[in-house]
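Inspection log for the structure reproduced underneath, given as structure tokens.
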Amino acid sequence: AVHGFWNLAATRLTHRSVHIDLSQPTVVAQIQRLARLETVTYTMDKVVEGDKELPPIPDFLVGDKLVLVAEGHALAGVDLSKLVSSNVRVEGRTVSVRLPPAQLLAVALDEQKTHVYSRSTGILVPVDPNLESQVRAQAQQDLQSSALQAGILGTAEKRSEEHTSELQSH
């Protein structure tokens, strides 16, 4: 048994312990140069339910359901690599910069705080190893939509204007 009562019982009876092997080397897949001004981050919570059913057969036989408590972050700001020379104007000792529009730079779940709250699997089917990944992907997509609906780009735009005003006043 992977989850559920039998797994819990086997763990308690046998005093099994978890062993995680980290001896394999880590491979750097990509190095990316960043040129961005991060101006705002939103931290959000979301409860997401996912399930697999086979109507009309009852869930206790073939269902697979989970409830995920997701916490994530949306980061917005300005991609400075899109700044072109025509966006910069120098007049005497004054420099004016017109920044590119704010954009959503990253949305990610906080893996330390995101967890499966509950999971139930029918007695005739194994746990679907992909269900949690699918629910996590949907949670992240919903966090992105929620950040956009909550006005993260407008806030990022205001903050970038504040930063450029501070630069111009120095």
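The values are calculated or read from the model by the stated rules, or taken from the named source; none is laboratory data. Computed from a prediction, not measured in an experiment: that's the story for all the values here. Heads up, the Cβs are rebuilt from the backbone with ideal geometry, glycines too, and the neighbour counts pull from every protein chain shown. With ligands, DNA and RNA removed, areas are computed over all heavy atoms of the protein, side chains included. Shrake-Rupley method; radii C 1.70, N 1.55, O 1.52, S 1.80 Å.
Exactly one condition in (1) farther than 18 Å from Tyr42 by Cα; (2) surrounded by 13 or more Cβ atoms within 10 Å (Cβ to Cβ) is not met by Ala150; state its number.
Going through the list (1) farther than 18 Å from Tyr42 by Cα; (2) surrounded by 13 or more Cβ atoms within 10 Å (Cβ to Cβ), Ala150 breaks only (1).
Pairs only if they're at least six apart or on different chains, beta carbon under 7 angstrom, first in the stretch 51-65 and over 11 Å from Leu131 (Cβ atoms) and in a strand (DSSP E or B), second among the aliphatic types (A, V, I, L, M) and open to solvent by less than 70 Å² (accessible area, probe 1.4 Å); list them, first residue then second.
From residues that are over 11 Å from Leu131 (Cβ atoms) and in a strand (DSSP E or B), the pairs are Leu54/Val62.
Which number in (1) part of a loop (DSSP other than H, G, I, E, B); (2) modelled with pLDDT under 75; (3) out of contact with any helix residue (DSSP H, G or I) (no Cβ under 8 Å at 6 or more places or on another chain) marks the one condition that Asp21 misses?
The one condition Asp21 does not meet is (2).
When the stretch 84-126 is examined, which residues are found to be touching a residue at least 40 places away in the same chain (Cβ under 8 Å), over 23 Å from the mean Cα position of the chain (by Cα) and surrounded by 11 or more Cβ atoms within 10 Å (Cβ to Cβ)?
Val95, Ser96, Val97, Leu99, Ser120, Thr121, Gly122, Leu124, Val125, Pro126
From Leu124, Leu153, Leu131, which residue is touching a Lys or Arg at 6+ places or on another chain (Cβ under 7 Å) and not acidic (Asp, Glu)?
Leu131
Please state which of the following conditions Ala139 fails to meet, knowing it meets all the rest: (1) assigned to a helix (DSSP H, G or I); (2) in contact with a strand residue (DSSP E or B) (Cβ under 6 Å, 6 or more places away or on another chain); (3) hydrophobic (A, V, I, L, M, F, W, C); (4) closer than 22 Å to Leu80 by Cβ.
Among (1) assigned to a helix (DSSP H, G or I); (2) in contact with a strand residue (DSSP E or B) (Cβ under 6 Å, 6 or more places away or on another chain); (3) hydrophobic (A, V, I, L, M, F, W, C); (4) closer than 22 Å to Leu80 by Cβ, Ala139 violates only (4).
Give me a count of the residues in the stretch 1-18 that are open to solvent by less than 100 Å² (accessible area, probe 1.4 Å) and either under 30 Å from Gly77 (Cβ atoms) or modelled with pLDDT of 65 or more (or both).
So the answer is 6.
Kindly state which strands (runs of 3 or more DSSP E) lie completely within the stretch 74-133 and contain at least 3 residues that are over 21 Å from Ser146 (Cα atoms).
88-91, 94-97, 115-121
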